[in-house]
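Visitor: One structure is given below, represented as structure tokens, and several questions about it will come after.
Every number in this text was worked out from the coordinates using simple rules, so none of it is lab data. Source: prediction; values computed, not measured. Cβ atoms come from the backbone with ideal geometry, glycine included; neighbour counts cover every protein chain shown.
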Amino acid sequence: MDFTTALDRVRSMLGGGERVLLGIAGSPDAGKTTLAERLVAAVEADGRFRAAHVPMDGFHLADVALEELGRRDRKGAIDTFDGWGYRSLLRRLCDRADEPVYAPGFERVLEQPIAASIAVGPEVDLVVSEGNYLLVDEAPWRDAADLFDEVWFADAPEDLLRSRLIARHVAFGKEPAAAEAWVDAVDLPNAALIAPTRARADAVVATG
């Protein structure tokens, strides 16, 4: 589906009095964040409901932890995230308690998670959370997926993914050759793990 259809689908999910949790899965640089931010902005602009964006990227393990685990050279792989912590956060968001829930964010310039940097107040009706591995059929991701009302898949062609990824790494400081090497050794193998999870999505959004 396109963005207009996706927004209509979100609006149809709201209004029942319960908080709606929407997940967006997909490969690195498939357009998940852009889609999430556009949906949140459109719902907020409408004025009837409140919305928040809570990315899974806040659950990246910090570099110091990755160094200790020997995983720093493949940051972004499925075992370089705190999936159990992410699942716990989603449970708190489902509860819609009377107090704010503080979620971690991710600082792209530092390439580090930032604790308690996103506040989700009790007034928020829609939480959109996006991440690479939301539809992977293993714990804790499978358990996390069950907490969403729906999980969509952001779909972009692989050749477009590679060019986007290289450009992003260069923008954040890598030399072009190093960026290409990282994409081929780390990002695209991650994308190969993620691509088959498209079949488990409640809907597919074209983001290419």
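Visitor: Mind listing the long-range amide H neighbours of residue 50? Cut-off is under 5 Å, sequence gap 5 or more, other chains count too, H placed in the peptide plane at 1.01 Å from N.
Guide: Amide H neighbours of residue 50, under 5 Å, 5+ apart: 125, 126.
Visitor: Tell me, what is the FRET efficiency for residue 109 and residue 84 to the nearest 0.05, using R0 = 22 angstrom and their Cβ-Cβ distance as r?
Guide: 0.20
Visitor: Would you mind calculating the gained length between residue 185 and residue 171 on full extension (0.36 nm times residue separation, minus the Cα-Cα distance), in nm to one decimal?
Guide: Result: 3.2 nm gained on full extension.
Visitor: Determine the relative contact order of the chain: mean sequence separation of Cα pairs under 8 Å and six or more apart, normalised by residue count, in whole percent.
Guide: Once divided by the residue count of the chain, the mean separation gives 34 percent.
Visitor: For the chain, modelled as a Gaussian network with Cα springs under 10 Å, which listed residue fluctuates most, 15, 76, 23?
Guide: Its mean-square fluctuation being the largest, the pick is 15.
Visitor: Also, I was wondering about something else. Identify the trypsin sites (Lys or Arg not before Pro) of segment 1-89 meeting these criteria: DSSP loop state and at most 11 other C-beta atoms within 10 Å of the C-beta.
Guide: Working: sites: 9, 11, 19, 32, 38, 48, 50, 71, 72, 74, 75, 87; in loops: 19, 48, 50, 71, 75.
Here the sparse-neighbourhood loop sites are 48.
Visitor: Work from the charge dipole of the chain (Cβ charges, +1 for Lys and Arg, -1 for Asp and Glu, about the Cα centre) and give the residue of 24, 103, 6 farthest towards its positive end.
Guide: 6
Visitor: Enter the Cα centre distance for the pair segment 148-208 and segment 31-105, rounded to the nearest angstrom.
Guide: Value for the Cα centre distance between the two parts: 17 Å.
Visitor: Roughly what % antiparallel, to the nearest 5, for the DSSP beta bridges in the chain?
Guide: So the antiparallel bridges in the chain amount to around 30 percent.
Visitor: Shape verdict for the chain, please, from the Cα gyration tensor: rounded (a/c under 1.5), prolate (a/b greater than b/c) or oblate.
Guide: Working: a/c = 1.76, a/b = 1.40, b/c = 1.26.
Note, shape of the chain comes out prolate.
Visitor: Next question, about the same structure. What do you get for Rg/Rh of segment 58-118 when both radii come from the Cα atoms and Rh is the Kirkwood radius? Working shown, then result.
Guide: Working: Rg = 12.9 Å, Rh = 12.5 Å.
Rg divided by Rh gives 1.03.
Visitor: Explain nothing, just the number: dipole magnitude of segment 95-202 about its Cα centre with +1 on each Lys and Arg Cβ and -1 on each Asp and Glu Cβ, in debye rounded to the nearest 20.
Guide: Charge dipole of segment 95-202: 480 debye, to the nearest 20.
Visitor: Run through segment 138-208 and list the GluC sites (Glu not before Pro) located in a DSSP loop whose Cβ has at most 10 other Cβ atoms within 10 Å. Show your work: numbers first, answer last.
Guide: Values: sites: 138, 150, 158, 180; in loops: 138.
Here the sparse-neighbourhood loop sites are 138.
Visitor: Continuing with the same structure: Please list the non-local residues whose amide H lies under 5 Å from the amide H of residue 134, H modeled 1.01 Å from N, same-chain partners needing a gap of 5 or more.
Guide: Here the answer is 26, since their amide H atoms fall under 5 Å of that of residue 134.
Visitor: Oh, and also: With r as the distance between the Cβ atoms of residue 73 and residue 49 and R0 = 41 Å, compute the FRET efficiency 1/(1 + (r/R0)^6) and round to 0.05.
Guide: That pair, residue 49 with residue 73, gives E of 0.45.
Visitor: Using θ = phi - 60° and the Karplus relation 6.51 cos²θ - 1.76 cosθ + 1.60, list the HN-Hα couplings for segment 42-52 in order, rounded to whole Hz, with x at every Gly or Pro.
Guide: Values, residue by residue: 5, 5, 4, 5, 5, x, 7, 9, 9, 9, 9 Hz.
Visitor: If you don't mind, another one. What are the GluC sites (Glu not before Pro) within segment 1-61 that DSSP puts in a loop, where the Cβ has at most 15 other Cβ atoms within 10 Å?
Guide: Filter output for segment 1-61: 18.
Visitor: Once you have the Cα-Cα distance between residue 42 and residue 117, take 0.36 nm times their residue separation minus that, and quote the gain in nm to one decimal.
Guide: 24.8 nm
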